[in-house]
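Novice: If you scroll down you'll find the structure; I have some questions about it.
The values are calculated or read from the model by the stated rules, or taken from the named source; none is laboratory data. Remember, it's a predicted structure, so these values are computed and weren't measured experimentally. Positions of Cβ are generated from backbone atoms using ideal geometry, with glycine treated the same way; all protein chains shown enter the neighbour counts. Just so you know, the surface numbers come from the protein's heavy atoms only, side chains and all, with ligands and any DNA or RNA stripped out. Shrake-Rupley method; radii C 1.70, N 1.55, O 1.52, S 1.80 Å.
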Amino acid sequence: GGFPLLAEGQVGALYPLNWLLYRLLPLHIALSYSLLPHLALAGVGMYLFLRTQNLRAAAALVGALSFYFSGFFVAKIQHMTNLIAVGWMPWLFFCYEKFAHARDARARRAWFAAISAIAALMLLNGHPQIDFMAVSLFGLWVLFASLARAERPIRLRLSEIGLTLCALALGAGIAAAQLIPFAELFPYSIRGGDYAAQEWASYSLNPERLIQIVAPFAIEGPFDPNIEFFGYAGLMPLGLAITALGLRRDRRVWFCVAIILVALSLAIGNYNPFYDLLYNVPIFNRFRVPARFLLWFIFAIAFLAALALDELARKLEEDDRPRRAATGIAIAFGILIVAAFLAAYNVAWEFWLDAWHLLPYAFGGGALLILLAARLRKIGSSVFLALA
């Protein structure tokens, strides 16, 4: 009909994985194998990034699980381009950290190229808002991490920032075959004109829905028009994130706290009396659904949870008794996982939605007991990590 499908980025016509999946597989299978690997990609990328922060494997694992099993991902399964773009986001952070700490020029060039490639893949997937949010958060991290390295000369830190920006620009250049047609189409769309402020702020997060950070189904299930409002990252990670404020006072904690505050103030959109001022900010004023800034919130909560878990485990003394107990706990959890798989296929999903009237109390109480036992040193490091 004359509509340029290539320019409509969410088709993902130039995204490399789409060439393989949709060429070789039936549509419904291709959809599944497009979604599931990118969910895994988000978890693995977050885990590797957290490991670059000198956190033990268990802490990085909890942070990764709370990130990619969060409400932002699970409730938005139908928004595939959102999730594919977010799947690449932690890899930007990981590659930057490897780039910043590379010991020779060859390694730096390799990680520079990796940043460019990942940026290109995000852009070719074609969800501009998520790309904007992901790259903006990444840019804030680059500024923070570079300037926080006080032992390095300021010239080297500024060079590091500049080279990272160049890597992103190169990624955009690789994706130009998608971006240029998109830019040509954009003025003809509803967002190319005077985008009404009311539409711009649609899907603002009503502050009443913040209860879903603790109890996801307290208001309603993850169905339209509710899928944008899930900031749930798990009760144990949330408890750990709160605990981090009293455990570690390093700069990363304060960075995450700042991100949480900014994310929530932006996510509530027109419930924030100052949000309308942002309508004058170019690019930003072309996007609706402020609630998607919960992505920043989820990322910061997962990061804080990993920091707190690592610090608590470090403070706990290790002995033989907790180690033996941890083995038993691991076996018990293995049985629990098998039982969960069986229940998922044999129990109606309505049962689990109904169960959420009680489960937050059980999970919240359990998380509180585990954290108290760790703070009071009633359990050893191995037991604490296994329970977490």
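Novice: Roughly speaking, to the nearest percent, how much of segment 1-158's 1.4 Å accessible area is carbon and sulfur? Intermediate values should be presented prior to the final figure.
Specialist: Numbers: 4870 of 7180 Å².
Ligands and nucleic acids excluded, carbon and sulfur reach 68 percent.
Novice: Using the scaling law 2.2 N^0.38 Å as the reference, what is the normalised Cα Rg of segment 1-113? Don't skip to the end; give the middle numbers.
Specialist: Numbers: Rg = 16.8 Å, N = 113, 2.2 N^0.38 = 13.3 Å.
Against the compact-globule rule of thumb, the ratio is 1.27.
Novice: What list of ³J(HN,Hα) couplings, whole Hz, do you get for segment 131-148 from phi and the Karplus terms 6.51, -1.76, 1.60, once you set θ to phi - 60° and write x for glycine and proline?
Specialist: 4, 4, 5, 5, 5, 5, 5, 4, x, 5, 5, 4, 4, 4, 5, 5, 6, 6
Novice: So, one more: Quick check: convex hull over the Cα atoms of segment 62-211, volume per residue in Å³, rounded to an integer? Don't skip to the end; give the middle numbers.
Specialist: Values: hull volume 24.8 nm³, N = 150.
Value for segment 62-211: 165 Å³ per residue.
Novice: May I pose another question? Might you work out the accessible area of LYS378 for me, using a 1.4 Å probe with all protein chains in place, and round it to the nearest 10 Å²?
Specialist: Approximately 140 Å² of LYS378 is accessible to the 1.4 Å probe.
Novice: What FRET efficiency would be calculated for the residue pair ALA57, LEU368, taking the C-beta separation as r and a Förster radius of 25 Å, to the nearest 0.05?
Specialist: 0.50
Novice: Which distance in nm do the two modelled labels at ASN280 and CYS166 give, with both placed 7 Å along the Cα-to-Cβ direction?
Specialist: The two pseudo-label positions are separated by 3.6 nm.
Novice: In whole Hz, what ³J(HN,Hα) sequence does segment 248-254 give by Karplus (6.51, -1.76, 1.60; θ = phi - 60°), x for Gly and Pro?
Specialist: Coupling constants for segment 248-254: 10, 10, 7, 5, 5, 4, 5 Hz.
Novice: How many nm separate the modelled label positions at ALA105 and TRP254, each set 7 Å beyond the Cα in the direction of the Cβ?
Specialist: 3.8 nm
Novice: When the helix-only estimate is applied to the chain (DSSP H runs of n ≥ 4, each -39,500 (n - 2.57), divided by the residue count), what is the mean residue ellipticity at 222 nm, nearest 500 deg cm²/dmol? Please report the intermediate quantities before stating the final value.
Specialist: Working: 17 runs with 258 residues, N = 388.
It lands at -22000 deg cm²/dmol.
Novice: What's the FRET efficiency of ILE211 with ARG314 using the Cβ-Cβ distance as r and R₀ = 25 Å, to the nearest 0.05?
Specialist: That gives a FRET efficiency of 0.15.
Novice: If you don't mind, another one. If you work out mean projected area of the Cα convex hull in nm² from the coordinates, which of (1) 21.2; (2) 24.7; (3) 22.2 do you get?
Specialist: Computed from these coordinates, mean projected area of the Cα convex hull in nm² corresponds to label (3).
Novice: Can you give the extra length, in nm with one decimal, that the chain gains between VAL74 and PHE186 once fully stretched, where that is 0.36 nm per residue apart less the Cα-Cα distance?
Specialist: Details: separation 112, 0.36 × 112 = 40.32 nm, distance 2.99 nm.
Between VAL74 and PHE186, full extension yields an extra 37.3 nm.
Novice: Then there is this: Using a 7 Å offset from the Cα along the Cα-to-Cβ direction at both TRP352 and GLN10, what is the distance between the two label points in nm, to one decimal?
Specialist: Here the answer is 2.6 nm between the modelled labels.
Novice: Given 0.36 nm per residue, what is the gain on full extension from ALA196 to SER265 after removing their alpha carbon distance, in nm? Don't jump to the answer; show the numbers that get you there.
Specialist: Details: separation 69, 0.36 × 69 = 24.84 nm, distance 2.08 nm.
Fully extending the segment from ALA196 to SER265 adds 22.8 nm.
Novice: Given a 1.4 Å probe, how much area per residue of the chain is accessible, in Å²? Please report the intermediate quantities before stating the final value.
Specialist: On the way: 19330 Å² over 388 residues.
Here the residues of the chain average 50 Å² of exposed surface.
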